[in-house]
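The values are calculated or read from the model by the stated rules, or taken from the named source; none is laboratory data. None of the values given here were measured: they were computed from a predicted structure. So basically every Cβ, Gly included, is an ideal-geometry build from the backbone, and we count neighbours across all protein chains shown. Side chains are part of the model used for accessible areas, which takes the heavy atoms of the whole protein and leaves out ligands, DNA and RNA. Shrake-Rupley method; radii C 1.70, N 1.55, O 1.52, S 1.80 Å.
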Amino acid sequence: RKEVEQDPGPFNVPEGATVAFNCTYSNSASQSFFWYRQDCRKEPKLLMSVYSSGNEDGRFTAQLNRASQYISLLIRDSKLSDSATYLCVVNLFNYGQNFVFGPGTRLSVLP
Amino acid sequence: DVKVTQSSRYLVKRTGEKVFLECVQDMDHENMFWYRQDPGLGLRLIYFSYDVKMKEKGDIPEGYSVSREKKERFSLILESASTNQTSMYLCASRIEGQGWGYTFGSGTRLTVV
């Protein structure tokens, strides 16, 4: 099993739809989780951190499920500008300070 | 704004050439990283550095070396370029130990012919 896994997609959704992605991680000792966004031909940029209690930032909601070892990202009322690849980032305990990037899930929001 | 600058956006090199990819950050970050990104494989860590003159192998260090003589500069070296090293190379810097703090450069698209 890979350390961090994501459904590569693509997820093709119409504008205004709600879409959710999951990211599973293998190490139950992982402590820190993040979502990054990467636009086509651009570098990844931080979208949001994922807190144990779940957190929301506008149309975006991030959640952590420790029992099942996954994090999720929910996007409500999708906009065309949400089209991007979404990377989850997990701190794996045995990597010390290092964080592992998932392979990413590609989202296309269609008009 | 933190800036991470990679010296070249596009690069074409011949098989067997020695290739230098340069990365400079201006925010005094301790940690710097080199990744390569390929379709379907995501970001794979080549090397990282916690501080000046310190380096650690990542997941795919074979065929690469790095140099960090100054805090702001982290160089990736392809000792003898091969076609399977054709890829997008991304440099990143980060505040010590902070997963939220990665700042990436805009990438170098390297083609080895």
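Residues in the stretch B:31-38 include at least one that is in a strand (DSSP E or B), more than 11 Å from the chain's Cα centre (by Cα), of a type in the set (Asp, Glu) and at pLDDT below 95. Among the residues making up the stretch B:92-108, those that are facing chain A (nearest Cβ under 9 Å) and part of a strand (DSSP E or B) are B:ALA92, B:ARG94, B:THR103, B:PHE104.
Inspect the stretch B:21-28 for any residue being surrounded by fewer than 21 Cβ atoms within 10 Å (Cβ to Cβ), more than 8 Å from every other protein chain (Cβ to nearest Cβ) and touching a residue at least 60 places away in the same chain (Cβ under 8 Å) and give the result as yes or no. Working first, answer last.
Here is the first cut: in the stretch B:21-28, the residues surrounded by fewer than 21 Cβ atoms within 10 Å (Cβ to Cβ) are B:22, B:24, B:26-28.
Checking the rest, the ones that are also more than 8 Å from every other protein chain (Cβ to nearest Cβ) come to B:22, B:24, B:26-28.
From what is left, the residues that are touching a residue at least 60 places away in the same chain (Cβ under 8 Å) are B:27.
Yes, the stretch B:21-28 contains a residue that is surrounded by fewer than 21 Cβ atoms within 10 Å (Cβ to Cβ), more than 8 Å from every other protein chain (Cβ to nearest Cβ) and touching a residue at least 60 places away in the same chain (Cβ under 8 Å).
Screening the stretch A:1-30 for residues that are crowded, with 17+ Cβ neighbours inside 10 Å and of a type in the set (Ser, Thr, Tyr) and picking the one that is farthest from the other protein chains (Cβ to nearest Cβ) gives A:THR24.
Return the total of residues in the stretch A:58-111 being assigned to a strand (DSSP E or B) and free of Cβ contacts under 8 Å to residues at least 12 places away in the same chain.
Filtering the stretch A:58-111 for residues assigned to a strand (DSSP E or B) gives A:60-65, A:70-75, A:84-91, A:99-101, A:105-110.
Cutting the leftovers down to free of Cβ contacts under 8 Å to residues at least 12 places away in the same chain gives us A:65.
Summing the residues that are assigned to a strand (DSSP E or B) and free of Cβ contacts under 8 Å to residues at least 12 places away in the same chain in the stretch A:58-111 gives 1.
When B:SER67 is tested against the conditions (1) surrounded by fewer than 17 Cβ atoms within 10 Å (Cβ to Cβ); (2) closer than 19 Å to B:LYS3 by Cα, the lone failure is (2).
Has the stretch B:49-63 got any residue that is hydrophobic (A, V, I, L, M, F, W, C), open to solvent by 80 Å² or more (accessible area, probe 1.4 Å), in a loop (DSSP other than H, G, I, E, B) and within 14 Å of chain A (Cβ to nearest Cβ)?
First, pick out the residues of the stretch B:49-63 that are hydrophobic (A, V, I, L, M, F, W, C): B:52, B:54, B:60.
When the remaining residues are screened for being open to solvent by 80 Å² or more (accessible area, probe 1.4 Å), the result is B:54.
From what is left, the residues that are in a loop (DSSP other than H, G, I, E, B) are B:54.
Filter once more, so that each one left must be within 14 Å of chain A (Cβ to nearest Cβ): B:54.
The answer is yes, given that some residue of the stretch B:49-63 is hydrophobic (A, V, I, L, M, F, W, C), open to solvent by 80 Å² or more (accessible area, probe 1.4 Å), in a loop (DSSP other than H, G, I, E, B) and within 14 Å of chain A (Cβ to nearest Cβ).
Among residues of the stretch A:31-56 being open to solvent by 30 Å² or more (accessible area, probe 1.4 Å) and assigned to a strand (DSSP E or B), the one that is farthest from the other protein chains (Cβ to nearest Cβ) is A:GLU56.
The set of residues from the stretch A:57-111 being of a type in the set (S, T, N, Q), under 14 Å from the mean Cα position of the chain (by Cα) and open to solvent by less than 10 Å² (accessible area, probe 1.4 Å) comprises just one member, A:THR105.
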